1. Looking at region 260-276, which of the residues that are of a type in the set (A, V, I, L, M, F, W, C) and either under 21 Å from the mean Cα position of the chain (by Cα) or crowded, with 21+ Cβ neighbours inside 10 Å (or both) is modelled with the lowest pLDDT?
2. Name the residues in region 56-73 that are within 25 Å of Ser39 (Cα to Cα) and at pLDDT below 95, would you?
3. Tell me, which strands (runs of 3 or more DSSP E) lie completely within region 34-96 with 3 or more residues that are under 20 Å from the mean Cα position of the chain (by Cα) and loosely packed, with under 14 Cβ neighbours inside 10 Å?
4. Val77 - would you say it is β-branched (Val, Ile, Thr), within 22 Å of Arg31 (Cβ to Cβ) and modelled with pLDDT of 95 or more?
5. Report, by residue number, each residue of region 97-145 that is touching a residue at least 60 places away in the same chain (Cβ under 8 Å) and over 21 Å from Lys180 (Cβ atoms).
6. Within region 338-384, which strands (runs of 3 or more DSSP E) (wholly inside it) include 1 or more residues that are farther than 29 Å from Leu86 by Cα, within 18 Å of the chain's Cα centre (by Cα) and small (Gly, Ala, Ser)?
7. Residue check, Asp344 against (1) of a type outside the set (S, T, N, Q); (2) touching a residue at least 24 places away in the same chain (Cβ under 8 Å); (3) under 18 Å from Glu52 (Cα atoms), all met but one. Which one?
8. Quick one: in region 356-384, which of the residues that are charged (D, E, K, R) and over 17 Å from Gly44 (Cα atoms) is surrounded by the most Cβ atoms within 10 Å (Cβ to Cβ)?
Amino acid sequence: MKRLLTYALLVLFLLSDCAVVSEFHESEEQRDWTIFRGSPSLCGYTECDIPETPQLSWSRTVQTRTVSSPIVYDGMVYTLDRKGRLRSYTPEGDSAIVHDFSTPVEASFIVNDSILYVGRIDGYVNAFSIKSGKVIWDYETLGQISGSPNLIMVNNMPELLVGSYDGNMYVFDAVTGKKKNQHETGYYINGTAAVWRKYMVFGGCDTWLRIVDTTTGHTTDSLQLDTYLPASPAILGDVAYEADYNGNIYEIKLENGRFASHRKLVATTEDNANESTGLVSMPTATRDAVYVLTGERYISCFERTDGSLRWKKMLRGATGECSPIVCGDKVIVCTKDGHVSLFDTVTGTELWHYETGEQIIASPAVVSGRFYILTSRGTLLCFS
């Protein structure tokens, strides 16, 4: 009877909305970092710990502008520069050119089951096999792709989510490249869709945040915010956090494919309007706190329970597009002028600092005991 009950519960789970990517909780043995925010929910949080005083193990530079973030798969680090050249690095720093897409790339890329997915400036989506070294499928959209693809598992099958400047959010069979459906917004899609259950959540230049059912391509709910949304939402559990260009940070509860409620965790006022305008980074959500870059050079930590400010610290440089990554009890923060810092999540104390001397836009990649920083000049730094 116990075995029958277990089987019945498993069937119910697979038939429910929850038969998709599970919530992100990595163990201390984390080996891979296959998407620029660490998980399909884009929460920017991992339980994987890193040293309190990291040392630079090695650095390699290609002197080519690089905007997309590094990823780690099966212990190997991969980068993709703006000219479309994909490189691999061993944990010791040995490098090789894996493939040349021969066209500009700015979007971050992802890997699943040895297949790398990338969106290009010319509008193409490519699926590239790391094992064979060949492009196994491509699809042409009608606008440039600036946001990273994302992946959702539906009925144990991977589906790829890609937004384009042609105003569509596409859903592909990740294995074959067949288009499953698409959702038209009528505006540029600049960011990455965050995954929540069987839905994708994303915003755009039209100020609307949307929930779209990936199985149908239909909008199940939408919410208009104060101004346009340059970055993606971060989701933890059934709560999404979104930032608008004016510096407002919204906490939005998700339920049954809809926006159940929302509030401003951080509100722009007349007093702070000048320092808040221009926010282009994402919030980072953990079990008890939300971390956001605020103003021109601050990181702030807010309690998730009541929205109160836990701490606020001035950074060594100006904030930019690189969003914070929380690793256990530490926060990695990169400024756009090249400073990398670690802060204590509880007190906000700066634990460590390193100056790269080069602009940083890409998000860090974090694995067990080490993390990687990629500068806009194409310099990859390994700290361990």
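1. From region 260-276, those of a type in the set (A, V, I, L, M, F, W, C) are 260, 265-267, 273; that's our starting set.
Filter once more, keeping what is either under 21 Å from the mean Cα position of the chain (by Cα) or crowded, with 21+ Cβ neighbours inside 10 Å (or both): 265-266.
On the way: Leu265: 87, Val266: 83.
The residue in question is Val266.
2. The one that is within 25 Å of Ser39 (Cα to Cα) and at pLDDT below 95: Val67.
3. Result: empty, no element qualifies.
4. Yes, satisfied.
5. Ser108
6. none
7. So Asp344 meets the others, but not (2).
8. Here the residue is Arg377.
The values are calculated or read from the model by the stated rules, or taken from the named source; none is laboratory data. As the structure is a prediction and not an experimental result, all values here were calculated from the model. Heads up, the Cβs are rebuilt from the backbone with ideal geometry, glycines too, and the neighbour counts pull from every protein chain shown.
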